[in-house]
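In what follows, a structure is listed as structure tokens, so that the remarks can point back to it.
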Amino acid sequence: MKAAGVILAVAAALALQTTLARFVIRGTVAVDLGLVAVVYIALTSGPVTGLLAGTLTGLLQDALASGILGVGGLAKTIVGFLAGVIGTQFIVAQPLPRFVVFFAATLVSAVIFNGLYFVLDPARFSAAYAGITGQALGNAIVGVVAFQIVELLPGAIERRRAQRSRIRR
């Protein structure tokens, strides 16, 4: 069941990402929903699941993009594992620590991704630091909001059911 949930979350994130890809800010996408999904899965399920989710997400994004296959996969694999380790070693239950984890995960992913591209093809290397920072902020905000929604949703459904049962009596 856990594998099906991970696959569903990754597929939903990538489908939403490709749908929203036309809304770009100066040539860069403001949020990487695949990375947000990987970090969320890693924080909630641990390092091994985060590693596998990162591998799946990164390779699928590489296949959809027109770049070198495997660079994004490696970056997201490492980030998924590290986020899972952080989730098991530290208390990441409040919005501020989660914000920091999502922000740092985006920066680590960008460093690995851009570093590998620099090693493989230095002539085409260009790092947009403002774009990376903007994406890190966007990912952190979306990640924290996603956590809040997922945590509040079961309680809201229960309250709604209880309210309906009181009305019927």
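Just a few scattered comments:
- Sequence-distant residues sharing a close amide H with A30 (under 5 Å, placed H): I25
- The HN-Hα couplings worked out from phi for region 3-12 by the Karplus form 6.51 cos²θ - 1.76 cosθ + 1.60 (θ = phi - 60°) are 5, 5, x, 5, 4, 5, 5, 5, 5, 5 Hz, whole numbers, x standing for Gly and Pro.
- Value of Rg to Rh for region 45-107 (Rh from inverse mean 1/r over Cα pairs, i.e. Kirkwood): 1.04
- Divide the volume of the convex hull around the Cα atoms of the chain by the residue count and you get 135 Å³ per residue.
- Loop-resident chymotrypsin sites (Phe, Trp or Tyr not before Pro) (DSSP state other than H, G, I, E or B) in region 1-96 with no more than 15 further Cβ atoms inside 10 Å of their Cβ: F23, F90.
Every read-out reported here was derived from the displayed coordinates using simple, explicitly stated rules and does not represent laboratory data. Nothing here was measured: the structure is a model prediction, and the numbers come from that model. With ideal geometry, Cβ positions are generated from the backbone for all residues, glycine too; neighbour counts draw on all protein chains shown.
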